[in-house]
Amino acid sequence: MVSIDHDLHIHTGLSPCCTDVNQTLHNIVAVCRDLGLHKIGLSDHAWLRRSTTPADWGPNPRGFKKLAVELAALSPEITVLRGCEADTLAPGRFTIDRKFADTLDYVILATNHFHFRELVEQPVAATPQGIAAHMVRMFLAGVRSGLANIIPHVFMPMGFWEFYEPAVASISDCVFIETFAEAAAHDVAIEITAVYLPPPPGVRRHTWNIDTPLRVLTLAKQAGCRFTFGTDSHALTSLPQILYLAPLLERLELTADDIHPLARTCCS
Ligand SMILES: [Zn+2]
Ligand SMILES: [Zn+2]
């Protein structure tokens, strides 16, 4: 069984959607250390230009420099990588560029933030097949971008949650293997996220069976992809969810060799 020793998807107050005042660098490091993690990654949303930023947010490249200064002063006891979560707006259009990516340790590149209706290219048809085809196209665009180190919460149609299970079911094993093989060839890691854990009924309007993300991740593994773990935490109380990934990792029969080098620690 692979050890859960890292969380490379953590938001801070630099992300407008992170409103927890306790989600400070100091507190994040303290909680993650207590959870037994050896490496964490900060992955705030990155928006360089107003024209490609959600209307009630704002471009925030300067915030990343400020965060780096705060981090340097913290001298944390665990390895802290400086990353970001950028967006694929459409094939060939992204919220960051190579120059910005080079200022960071890694880039998480989302390819399915379809809930940003005005900014992110939408599926031609809001049907399982239409959404499935769009997810594959956007995923491949992210893989081929030259910007991505990790693709997060893969094949979850954000903003179209009611189509999650039928959309994934409409993609054949063969298409998944071909698609993920390209990610493996580009050395792009696939994230295993706490977002995959089905929300209890009533918490969100839609929930799903764990077998849906499990099938996707199994095929990613078969195609030769390597993985990183992340909670996508926007609040301090979400960080322990990293440990909830254990049953999923066990069913995937992951070994240390399946972990992407970016996420490896002295203990992996
Ligand atoms: Zn995301
Ligand atoms: Zn995120």
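Residue by residue, what Karplus-based ³J(HN,Hα) values in Hz, rounded to whole numbers, does the range 198-210 have, using 6.51, -1.76 and 1.60 with θ = phi - 60° and x for Gly and Pro?
Couplings: x, x, x, x, x, 6, 10, 5, 10, 10, 7, 8, 4 Hz.
Mind listing the long-range amide H neighbours of Gly159? Cut-off is under 5 Å, sequence gap 5 or more, other chains count too, H placed in the peptide plane at 1.01 Å from N.
His115
Using amide H atoms built 1.01 Å from N in the peptide plane, name the residues 5+ places from Glu191, or on other chains, whose amide H lies under 5 Å from its own.
Those lying under 5 Å, H to H, from Glu191 are Ile151, His153, Val154, Thr228.
Sort out for me the Cα centre separation of the range 201-268 from the range 176-198, rounded to whole Å.
10
Under 10 Å, Cα contacts only: if you run a Gaussian network model on the chain, which one of Pro213, Pro76, Pro152 comes out with the highest mean-square fluctuation?
In the Gaussian network model the winner is Pro76.
Quick one: which of 21-33, 247-259 comes out on top by average Cβ neighbours within 10 Å, and what's the full order, highest first?
Result, highest mean Cβ count within 10 Å first: 21-33, 247-259.
Per DSSP H run of at least 4 residues, take -39500 (n - 2.57); add these up for the chain, divide by its residues and hand me the 222 nm value, nearest 500 deg cm²/dmol.
When only DSSP H runs of four or more count, the value is -9000 deg cm²/dmol.
Using 0.36 nm per residue of separation minus the Cα-Cα distance, give me the extension gain between Glu121 and Ala169 in nm, one decimal.
So the extension gain works out to 15.1 nm.
Please get the size of the charge dipole for the range 6-263, origin at its Cα centre, with Cβ charges of +1 on Lys and Arg and -1 on Asp and Glu, quoted in debye to the nearest 20.
640
Using the Karplus curve 6.51 cos²θ - 1.76 cosθ + 1.60 with θ = phi - 60°, what ³J(HN,Hα) values do you get for each residue of the range 232-237, in whole Hz, with x for Gly and Pro?
6, 5, 10, 8, 4, 6
Taking only C-alpha pairs under 8 Å that are 6+ residues apart, what is the relative contact order of the chain in percent?
Value for the chain: 23 percent.
Working out 0.36 nm times the residue gap between Ser75 and Glu253, then minus their Cα-Cα distance, what length gain in nm do you get to one decimal?
Taking Ser75 through Glu253 to full extension adds about 60.6 nm, to one decimal.
State, as an integer percentage, the relative contact order of the range 37-101 based on alpha-carbon contacts under 8 Å between residues 6 or more apart.
The value is 46 percent.
Taking +1 at the Cβ of each Lys and Arg and -1 at the Cβ of each Asp and Glu, which of Leu109, Leu67, Leu147 sits farthest along the dipole of the range 45-149 towards its positive end, judged by Cα position relative to the Cα centre?
Highest projection toward the positive end goes to Leu147.
Every read-out reported here was derived from the displayed coordinates using simple, explicitly stated rules and does not represent laboratory data. Bear in mind the structure is a predicted one, so any value in this text is a computation, not a measurement. A quick note on method: Cβ atoms are made from the backbone with ideal geometry, for glycine too, and the neighbour counts reach across all protein chains shown.
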